[in-house]
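One structure below.
The values are calculated or read from the model by the stated rules, or taken from the named source; none is laboratory data. Computed from a predicted model, the values in this text were never measured in an experiment. Cβ coordinates were reconstructed from backbone atoms using ideal geometry, including for glycine residues, and neighbour counts include every protein chain displayed.
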Amino acid sequence: MIPWANPLAQYRSHESEILAAMVRVLESNSYILGGEVESFERAFANYCGMAHGVGVGSGTDALILALRALDIGASDEVITVSHTAVATVAAILACGATPVLVDVDPAYYTVDPACIEAAITSRSKAIVAVHLYGQPADMDAIAAIGRRRGLRIVEDCAQATGGRYRGRRVGGLGDIACFSFYPTKNLGAIGDGGMVVTADEALASRVRRLRQYGWDESRNTLEIGVNSRLDSLQAAILHAKLPHLDADNVRRAAIASRYDRAFAGLPLTLPATSSEDTHVYHLYVVRCEQRDRLSAHLAADQIGSAVHYPVPVHQQHGYAERVIVTDGGLPVTTGLADQILSLPIYPELSDAEVDLVITSIRRYYALPR
């Protein structure tokens, strides 16, 4: 079976370095925060071109703590998209704020800047820009709206670690940025983990307090916080894998390019990319009619696929009742949900396995309907 994602293969490709990092931590007698986490925070922030990195328990926690550090809470509205992992919207709700959901661009599937302006009210305080599937959102347009309307910009970089927008790394394009190290991500832990990065020292200091009960360095409580700490073991594993990230992303792009060439002319909408940006292909998502039939055909050929995401957040129970959807609905978002399919893509996917995926899909479209 060729899975759509394969974190075990990622571990095996860096096994000796990961095991050495784990042994170092196990023998250090320091397992929460400490030197391993601080070292990785510095390395990752530097990778993103930012001054400060703060390791936390998950990508969702990174979003929650970033929003709280920006003083976003009850009575505030935060603009984002419904076509995203539910964590984006869950984090806004966890802060007590109201998510205002707008539509996505029909080509890139990231937030459509043209839809943001109409969603702004007197309660609007921030925009969460999601770099979906590895494709950077249009940050120049989003940042211009933020400056003009006095809104803070939060980057949700969970799916785009290593991506570039107009030559700049994602994570350095807004006020504060959030990353996930979930095992299937481009830079994945062997467990959970997340990071907040920012150029703003005051914001970074506040996130550090909030991740650990609101303590300062002397463990005096300055405000109410939570327990969301990146542990030393995950930090060491991530630090060991970080030097390989760019090469891994190059391999993802090479696989995507092979798919692009092989599927040209088929009744598939392939991922749109901008020549000015670097898409890092956390996911390779096609759009097609009768998506479920194609998925079943692939499964019969022992090829995995997935749907990201089958139900938009504004249509999910528990969220639908607590979000605001802009006038006119979200036609692009709802149209995508029935047609998108994620194909296998990860650095360890062999050329032979890529050939099998290509052959299966081309054979599917050669079959009589």
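Miscellaneous remarks
- Among residues of the stretch 155-181, those that are in a strand (DSSP E or B) and closer than 14 Å to T110 by Cβ, counted: 3
- Residue satisfying all of: in the stretch 136-152; within 23 Å of S274 (Cα to Cα) and out of contact with any Lys or Arg (no Cβ under 9 Å at 6 or more places or on another chain); surrounded by the fewest Cβ atoms within 10 Å (Cβ to Cβ) among these: A144
- Test: G318 is small (G, A, S), out of contact with any Pro (no Cβ under 9 Å at 6 or more places or on another chain), modelled with pLDDT under 95 and loosely packed, with under 15 Cβ neighbours inside 10 Å: no
- Inter-residue pairs, beta-carbon under 9 Å, first farther than 20 Å from R169 by Cα and crowded, with 19+ Cβ neighbours inside 10 Å and in the stretch 35-50, second among the aliphatic types (A, V, I, L, M) and at pLDDT 95 or above, 6+ apart: E36/A21; E36/V25; E36/L233; E36/A235; E36/A236; V37/L230; V37/A235; V37/A236
- Some residue of the stretch 217-240 being closer than 28 Å to V86 by Cα, free of Cβ contacts under 8 Å to residues at least 40 places away in the same chain, hydrophobic (A, V, I, L, M, F, W, C) and part of a helix (DSSP H, G or I): no
- Filter result (loosely packed, with under 15 Cβ neighbours inside 10 Å and either modelled with pLDDT of 95 or more or closer than 14 Å to F263 by Cβ (or both)) within the stretch 321-334: E321, R322, P331
- Criterion (farther than 30 Å from I303 by Cα and in the same structural domain as E217 (by TED's automatic domain parsing)) met by exactly one of G59, G55: G55
- Comparison of T110, T88, T60, T80 shows that the only residue that is touching a His at 6+ places or on another chain (Cβ under 9 Å), modelled with pLDDT of 95 or more, among the polar types (S, T, N, Q) and within 20 Å of I176 (Cβ to Cβ) is T110.
- For the stretch 287-337, taking the residues that are part of a loop (DSSP other than H, G, I, E, B) and among the small types (G, A, S), the one that is nearest to the chain's Cα centre (by Cα) is identified as S305.
- First in the stretch 1-21 and under 17 Å from K185 (Cα atoms), second anywhere and crowded, with 16+ Cβ neighbours inside 10 Å and among the aromatic types (F, W, Y), Cβ under 6 Å, 6 or more apart: A5/Y346; N6/Y346
- Scoring D175 on the criteria (1) farther than 13 Å from A69 by Cβ; (2) touching a residue at least 40 places away in the same chain (Cβ under 8 Å) leaves a single failure, condition (1).
- Total residues in the stretch 338-367 satisfying the condition of being at pLDDT 95 or above, among the aliphatic types (A, V, I, L, M) and assigned to a helix (DSSP H, G or I): the figure is 6.
- Scope the stretch 215-233; condition buried (at least 16 other Cβ atoms within 10 Å of the Cβ) and in contact with a strand residue (DSSP E or B) (Cβ under 9 Å, 6 or more places away or on another chain); matching residues: W215, G225, V226, S228, R229, L230, D231, S232
- Residues of the stretch 10-48 classified as aliphatic (A, V, I, L, M), part of a helix (DSSP H, G or I) and either over 24 Å from the mean Cα position of the chain (by Cα) or not assigned by TED's automatic domain parsing to the domain that holds A199 (or both), total: 7
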